[in-house]
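The values are calculated or read from the model by the stated rules, or taken from the named source; none is laboratory data. Computed from a predicted structure; not experimentally measured. Reconstructed Cβ throughout: ideal geometry from the backbone, glycine too, with neighbour counts over all protein chains shown. Heads up: the accessible areas ignore ligands, DNA and RNA and are worked out on the full protein's heavy atoms, side chains in. Shrake-Rupley method; radii C 1.70, N 1.55, O 1.52, S 1.80 Å.
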Amino acid sequence: MFKVLFALALTLGIAAGAQAQSETLLRDVTIVDVIEGTLAPGQSVLIRDGLIAEVGPDITSTSATRLDGGGRYLIPGLWDSHVHIFSTPTEPDTALPLYLVNGITGIRDMGALWPIAEQHALQARIEAGEVLGPRLILAGAWVDASPGSWPGMFLADRPDEARAVVDRIAAEGWAAVKAYSMLDEATYLALAEASEDAGLAFVGHVPERVALGTAIDAGQEGMEHFGRVAMACSTAEEAMLDDLRTAMAEGAELARVFEIMAARNRIILETWDETLCQSVLAQMADAGMHVSPTLVVADFYTGNWPAPDAPRMRMIPAEVRGTWGRPDFRLEAMTDEVRALAGDSIALDRRTFLMAHRAGVPILASTDASFANPYLFHGYSLLDELDLYVAIGLTPREALYTATVAPPRFFGLTDQDGTIAPGRRADLVLLGENPLESLSTLREPQMVIAGGRVLDRAALDGLETTLLERGE
């Protein structure tokens, strides 16, 4: 594994142990304040040892490398708050540069097949400047009921097991505890309590037998994916939960469990209630429950896939593309009814998403990108997700907020808060046009600065070329 990481560092042209330029002065840029939605033209930004040292119109430095911003637009680097970069042994080789060429300078990994020690090793090498990549938050300590939905999960079937699992997660140095889908309610509640006692963020799925209101009351701070929000807006939520609880208590076969879950789509469409939904969303907003919607996941299920010769496809290793082209267990599990209702279900999710945003539910832009999730792309899919937010009804500034301001604040980072100011980490993106008017400019970053390391357009083109050559 570590040989792979050293190869990655060399491929990206970074000698082991190399550090970022000690001082860089980026002159004549228009700083975009995503929080206020304002612009400050004619500014300079002095970067020293990976941090922003000064911001203002009249900065001088005799020792800094001077870069001309040409009046273009500078924003905080983007975040993808739900990814999986460790689903294969060599996935970071492709994932890390893909994030950077798309202006994404921070990611939160939400579940891995690598041992935690190897994840920490890569995280440390990125921070040390030995490997070029986005800032990495390791929040993938997923906990599920036996036998587990994915390999390598922590397993808990009773409350005492949940508490023991949290002790292990804390000892291993994870950033959070992630609840998963098949936990029963008693075990889930014990997991929530133990996470709070350990001082760990409690995030993840709302399990399939647990009501969203129960998760809010339990103090779940972050919810992954959006479907359970629409389900909580159904007057039949409790009945749907009870159907599954009864079947699982009776030892139902897995096929029967999936059948019950698939039937929820029709029930939700028939029983979704706007007044109830407004109440649920108000509870979420009051509790500060952040949602990582991953709306772009719907493209996989509806067959909205890129052409085989699209650049993003060609940058994926050939062997991975090969697995994506095979029959997929998730698509095979879809019933004819689910396929027939897919358009209406997606539309309802999007309507509910816009209501959630307007109700003040905090959103973390996210994708579920992974080699294990076909046609969800590291880097590119986040820009697709942001475009979806705007198509649904958010302004470009509001969409940017979900990827620049909300994530570092939710993660409790002391050196990032979505502003371009002294003391903040130098994770920045220079754009040719004003992103508050259109997010299309995100597709062609002029410069990406990751932890103080500058990648101009030529360097970004070089990374893309290397990925295309590898993908052949």
field: Nearest-10 value in Å² for the accessible area of SER440, using the 1.4 Å probe
entry: 80
Length gained when the stretch ALA333-ALA287 is fully extended (0.36 nm per residue, less Cα-Cα span): 13.1 nm
- prompt: Ignoring ligands, DNA and RNA, how do THR402, THR275, THR65, THR414 rank by accessible area with a 1.4 Å probe, largest first?
  reply: THR414, THR275, THR65, THR402
Mean accessible surface per residue for the stretch 232-381, computed with a 1.4 Å probe while every protein chain stays in place, in Å²: 47
message: How large is the accessible surface of ILE137 in square angstrom, using a 1.4 angstrom probe and rounding to the nearest 10?
response: 30
- request: For a quick protection proxy, order the peptides 93-102, 158-167, 423-432 by their average other-Cβ count within 10 Å, most packed first.
  value: 93-102, 423-432, 158-167
- prompt: Ranked by accessible surface with a 1.4 Å probe, highest first, in what order do ASP309, ASP28, ASP58 come?
  reply: ASP58, ASP309, ASP28
- line: Rounded to the nearest 5, the percent of antiparallel DSSP beta bridges in the chain equals 50
- prompt: Of all the accessible heavy-atom surface of the chain, with the other protein chains kept in place and a 1.4 Å probe, what percent is carbon and sulfur?
  reply: 51
- prompt: Which FRET efficiency, nearest 0.05, do GLU398 and SER149 yield, Cβ-Cβ r, R0 35 Å?
  reply: 0.60
statement: Judged on accessible area alone, 1.4 Å probe, highest first, THR302, THR88 line up as THR302, THR88
query: Is the shape of the chain rounded, prolate or oblate, going by the alpha carbon gyration tensor and its root eigenvalues a ≥ b ≥ c, with a/c under 1.5 for rounded and a/b larger than b/c for prolate?
result: prolate
- prompt: What accessible area, in Å² to the nearest ten, does a 1.4 Å probe give for MET447?
  reply: 20
task: Apply 1/(1 + (r/R0)^6) to the Cβ-Cβ distance of ALA391 and ASP461, taking R0 = 30 Å, and write down the FRET efficiency to the nearest 0.05.
output: 0.55
- prompt: Which distance in nm do the two modelled labels at GLU259 and ALA421 give, with both placed 7 Å along the Cα-to-Cβ direction?
  reply: 5.8
task: Taking the chain as the reference, fit the longest principal axis to its C-alpha atoms, fit the long axis of helix 380-392 to the helix C-alpha atoms, and give the angle between the two in degrees, 0 to 90, nearest 10.
output: 70
- request: Pull out a ≥ b ≥ c, the square roots of the eigenvalues of the alpha-carbon gyration tensor of the stretch 433-472, then state rounded if a/c is under 1.5, prolate if not and a/b is larger than b/c, and oblate in the remaining case.
  value: oblate
Chain lengthening between ASN304 and THR414 when straightened (0.36 nm per residue, less Cα-Cα): 35.7 nm
task: Kindly write out, for the stretch 219-236 in residue order, the coupling ³J(HN,Hα) from the Karplus curve 6.51 cos²θ - 1.76 cosθ + 1.60 (θ = phi - 60°), rounded to whole Hz, with x marking Gly and Pro.
output: x, 5, 8, x, 10, 8, 6, 10, x, 6, 5, 4, 5, 5, 8, 8, 5, 9
- line: Dividing the mean separation of Cα pairs under 8 Å (6+ apart) by the residue count of the chain yields a relative contact order in percent of 20
